[in-house]
Amino acid sequence: MGVVNVTPDSFSDGGRWFEPSAAIEHGNLLLEQGADLLDVGGESTRPGAGRPSEEEELARVIGVVRALADQGAQVSVDTMRSRVAAEALEAGAQLINDVSGGLADPQMAPLVASAGVPFVAMHWRAHSAQMDLEARYADVLAEVIAELEQRVAGLLAAGVGREAIILDPGFGFSKDAGHNWALLAGLEQVVALGHPVLVGTSRKRFLGRLDLTAGPDAEPTPPTERDAATAATSLLAAQAGAWAVRVHDVPSTRDALSVWDNVRAAGGARA
């Protein structure tokens, strides 16, 4: 899943694709590089980010979704708003990726149920402005799994088909670095819930602090220098059974996964 941020304040690319023409061009490049699916979003969910108005989000997203879908791309819309999701589906989107899992907008679950489209429900506790305050766990893996199960139950009760639900453990959302590493180590248990799992570690903060010998005040590497680490987490996600990985840089992750494919094809017992 290649990321197409149509925002002026993305943590990863600083608004490079904010203009619709640039976003469309970038989406086409990601497809050429091997992305299977494009995730188009108009709201930054970096820590501390404010929310755009609904009208602004619609203006950012719908034209880009329509243009990419008209060119034959498989398009996901990254939104927490049911109206944005509905108009994106009309414009050709085929999947809804909601980082709130339907909690931010009570009309999202009924929309998904009526539309019958795949729906990514991420583990979520609060909007970006407050989410770091909610990074409190006694056992992060057990609690994330329990809260994802609660979300699945809520979606099913709203009429969403079980086969439509994709889960995302929400790396970086209301989680500190230690929480993220623990989730990655236990990802197979999330997969064991029986739903396809989307993993979104790409360029996240915890990948900017890989030096275990560095002090707590050490500066993290810039987001664009975290693609090798992202590729490593993509490989780990694939080995754990993830359905897809959401990445900003497609070639590095494609290469990492191709290495794994070639090792498996060679027939080694460990592969």
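General remarks:
- Label point distance in nm, residue 225-residue 153, each placed 7 Å from Cα along Cα→Cβ: 4.6 nm
- Largest GNM mean-square fluctuation among 253, 221, 79, using the chain with Cα springs under 10 Å: 221.
- Charges were assigned to the Cβ only: +1 to each Lys and Arg, -1 to each Asp and Glu. The resulting dipole of region 1-143 about its Cα centre is roughly 140 debye.
- In a reduced charge model with +1 at each Lys and Arg Cβ and -1 at each Asp and Glu Cβ, region 134-201 shows a dipole moment near 100 debye about its Cα centre.
- Using the alpha-carbon positions of region 87-129, Rg (one decimal) and Dmax (whole number) come out as 10.7, 31 Å.
- Ellipsoid semi-axes in whole angstrom, largest first, where each is sqrt(5λ) of the Cα gyration tensor of region 189-271: 25, 16, 13
- Solvent-accessible area of region 168-268 (1.4 angstrom probe, protein heavy atoms only): carbon and sulfur portion equals 56 percent.
- Assigned charges on the beta-carbon of Lys, Arg, Asp, Glu; the chain dipole about Cα centre (debye): 480 debye
- Residue 209 - accessible surface, heavy atoms, 1.4 Å probe, Å² rounded to 10: 120 Å²
- When the solvent-accessible area of region 1-145 is split by element, carbon and sulfur atoms take up 49 percent of it, the probe being 1.4 Å.
- Under 5 Å, built H, 5+ apart or other chain: amide partners of residue 245: 199
- Quotient of Cα Rg and 2.2 N^0.38 Å for region 147-206, N being how many residues it contains: 1.20
- Heavy-atom accessible area with a 1.4 Å probe sorts 255, 132, largest first, into 255, 132.
- Euclidean distance between Cα centres, region 196-271 to region 101-155, Å: 24 Å
- At q = 0.08 Å⁻¹, base-10 log of I(q)/I(0) for the chain (Debye sum, equal scatterers on each alpha carbon): -0.30
- For residue 195, the shell of other residues with beta-carbons less than 15 Å away shows a net charge of -4, using +1 for Lys and Arg and -1 for Asp and Glu.
- Average accessible area per residue (Å²) across the chain - probe 1.4 Å, nucleic acids and ligands excluded: 44 Å²
- A Förster radius of 30 Å combined with the Cβ-Cβ distance from residue 126 to residue 265 puts the calculated FRET efficiency at roughly 0.10.
The values are calculated or read from the model by the stated rules, or taken from the named source; none is laboratory data. If you're wondering where the values come from, they're calculated on a predicted model, not measured in any experiment. Positions of Cβ are generated from backbone atoms using ideal geometry, with glycine treated the same way; all protein chains shown enter the neighbour counts. Please note that ligands, DNA and RNA were not included when accessible areas were found on the heavy atoms of the full protein model with its side chains. Shrake-Rupley method; radii C 1.70, N 1.55, O 1.52, S 1.80 Å.
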